Amino acid sequence: MGQVDFQSSLPASAVIAVALWVESWETGLFAVIGAVVSTLTARLLAVPRDTLDQGLMTYCGVLGGIAMLVYLGHHPSTYVMAVCAAVMCTLVTAALGHLLGPFGLKAFTGPFCLVSLVMVLGAPSFDRVWHGTPRTAVTPAASSSPDVGWTDLWQGFFTNIGQIFFAGTWYVGLIMLAGLFLAGWRVGLFAAVGSVTGLLVAWALGAPAALIGEGIYGYNAVLTALAFGVVLLRATAWNHAYAVLAAAASTGLTASLSVLFDAFGSHTFTWPFNITTWALLAAVPLLPRITRAEDG
């Protein structure tokens with residue numbers, strides 16, 4: 001579970017798991033289903049033990065399991081779909097890793113996005129799977145007012161972190177942030193930096209206050225800041241500035257993709273994070289001041 005936030009830390013993963021159960025027992029259960037099924041799939045296919053232990057092939061299954069609950073609702077068929085999503089996430093992680101490896105890129109949460117997109121789009125075609133749009137899949141109604149209050153800001157700061165796992169309550173994000181600090185102070189710091197960047201960019205562009213408070217505009221910025229600030233680049237001032245720029249870009253892209261995906265009834269998931277990170281990471285070889293971690 002921690003590998004969703006790029007962390008193989010067992011304490012961090014345990015705290016994130018607790019936070020998901022605090023969000024709701026259904027969320028916690030489907031996260032566990034995704035984790036167990038994807039791990040078993042990788043184990044049965046003889047994925048190397050060190051890769052398996054770090055969760056590098058199986059973290060997308062966690063998100064895939066939760067996504068099925070959020071977008072299909074809590075029904076018996078959803079359990080079957082969560083198992084299918086977890087299996088496919090593991091397989092697509094291997095496929096994307098193989099395809100992107102020669103370009104120096106990683107799969108990130110792309111497998112989760114692809115699998116969930118396909119399953120959510122196809123679900124209304126099957127009567128035994130689709131039971132109508134669940135309440136959890138509906139973005140809270142928001143006025144067009146960009147007047148952001150203090151409550152929107154402080155709650156948004158924490159929900160930006162929780163929304164990575166579809167958790168929309170601020171205290172769940174707070175628990176997760178504590179878990180990230182357990183993984184290392186730089187991890188917690190860049191999660192906070194990403195969240196603040198998402199808040200400021202969304203506010204500056206005039207995003208609806210309610211959506212800012214719900215973390216809709218900021219969770220991709222948190223992932224992007226963690227990717228560039230902790231994992232992908234060396235710890236230099238230029239690289240840290242690049243991480244902030246990337247987080248800001250992912251916030252703007254979140255709005256664009258929300259409009260695009262809404263046209264055919266789908267959802268952004270973590271596409272803004274993936275697209276931004278792939279694009280800006282691919283640019284690094286031609287930017288001498290920006291240095292990848294493995295180059296240090």
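If eta is 0.890 mPa s and T is 25 °C, what Stokes-Einstein diffusion coefficient results for segment 45-126, Kirkwood Rh from Cα pairs, in µm²/s?
My calculation gives 187 µm²/s for D.
Protection proxy ranking, highest mean first, for peptides 229-235, 128-134, 61-67: 61-67, 229-235, 128-134, where packing is the per-residue count of other beta-carbon atoms within 10 Å, averaged. Here the contact order of the chain, divided by its residue count and restricted to Cα pairs under 8 Å and six or more residues apart, works out to 17 percent.
Per-residue ellipticity at 222 nm, computed for the chain from helices alone with -39500 (n - 2.57) per DSSP H run of at least four residues, works out to -21000 deg cm²/dmol.
A protection proxy built from the mean count of other Cβ atoms within 10 Å ranks the segments 249-261, 172-184, most packed first, as 172-184, 249-261. If you take all other residues with their beta carbon under 15 Å from the beta carbon of Ala237, and give Lys and Arg +1 and Asp and Glu -1, the sum is +3.
Counting only other residues whose beta carbon sits under 13 Å from that of Leu199, what net charge do I get with K and R as +1, D and E as -1? It works out to a net charge of -2.
Atom-type composition of the exposed protein surface of the chain places 68 percent of the accessible area on carbon and sulfur (1.4 angstrom probe).
Averaging 1/r over each pair of different alpha-carbon atoms in segment 223-296 and inverting the result gives 12.8 Å, the Kirkwood hydrodynamic radius. For the pair Val231 and Tyr79 in one chain, pulling the backbone fully straight at 0.36 nm per residue adds 51.4 nm over the alpha carbon distance.
In the frame of its principal axes, segment 158-211 has Cα extents of 34, 21, 13 Å, reported largest first. Between Ala282 and His98, the simple label model (points 7 Å from Cα in the Cβ direction) yields a spacing of 2.1 nm.
Residues with beta-carbon under 15 Å from that of Val4, excluding Val4: net charge, scoring Lys, Arg +1 and Asp, Glu -1?
-1
The values are calculated or read from the model by the stated rules, or taken from the named source; none is laboratory data. Computed from a prediction, not measured in an experiment: that's the story for all the values here. No Cβ is skipped: glycine too gets one built from the backbone with ideal geometry, and neighbour counts run over all protein chains shown. We work out accessible area using only protein heavy atoms, side chains counted, and drop any ligands, DNA or RNA first. Shrake-Rupley method; radii C 1.70, N 1.55, O 1.52, S 1.80 Å.
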